[in-house]
Amino acid sequence: KLVIAPSGAEAWAPPRARIDNTMVKALARAHRWKRMLESGDVGSLHHLARTERINPSYASRILRLTLLAPDIVEAIVDGRQPAGLQLEDLLVLFPLEWERQRVAFLT
């Protein structure tokens with residue numbers, strides 16, 4: 001629920017965190033898969049996809065989440081991401097430069 005303070009009202013409590021479990025799980029999965037690739041547990045993206053029983057295209061889109069700016073990841077994990085930001089927004093190609101990511105996802 002959204003609470004709108006009357007005009008001229010004094011300080012209100014900060015908004016509650018809105019943790020999006022779908023995005024948090026996707027970030028966790030991305031970093032786990034990255035560790036699996038780096039450690040050699042799986043030899044390739046296709047091997048990872050077979051092991052996880054997922055489409056290689058989906059795996060590559062999720063793995064791109066490991067390239068997000070640390071403050072964007074922190075905002076998502078803490079539930080401070082913009083209200084309109086959804087996992088689908090993160091799964092399309094996004095800029096690699098962290099400053100451009102901030103403009104795209106946090107404004």
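Length available on full extension from ARG18 to ASP71: 0.36 nm per residue minus the Cα-Cα distance, which gives 17.5 nm.
What residue among TRP33, LEU48, ALA104 has its Cα farthest toward the positive end of the dipole of the chain, where the charges are +1 on Lys, Arg and -1 on Asp, Glu, each on the Cβ? Going by the charge dipole, the pick is LEU48. A full extension of the chain between VAL92 and SER44 corresponds to an added length of 15.1 nm, given 0.36 nm per residue minus the alpha carbon distance. Each helix, a run of at least 4 DSSP H residues, gives -39500 (n - 2.57); summed and divided by the residues of the chain, these come to -15500 deg cm²/dmol at 222 nm.
Where a number appears in this text, it was derived from the coordinates with a stated rule and is not lab data. These figures come from a predicted structure and were not determined experimentally. In this analysis, Cβ positions are derived from the backbone assuming ideal geometry, glycine residues included, and neighbour counts consider all displayed protein chains.
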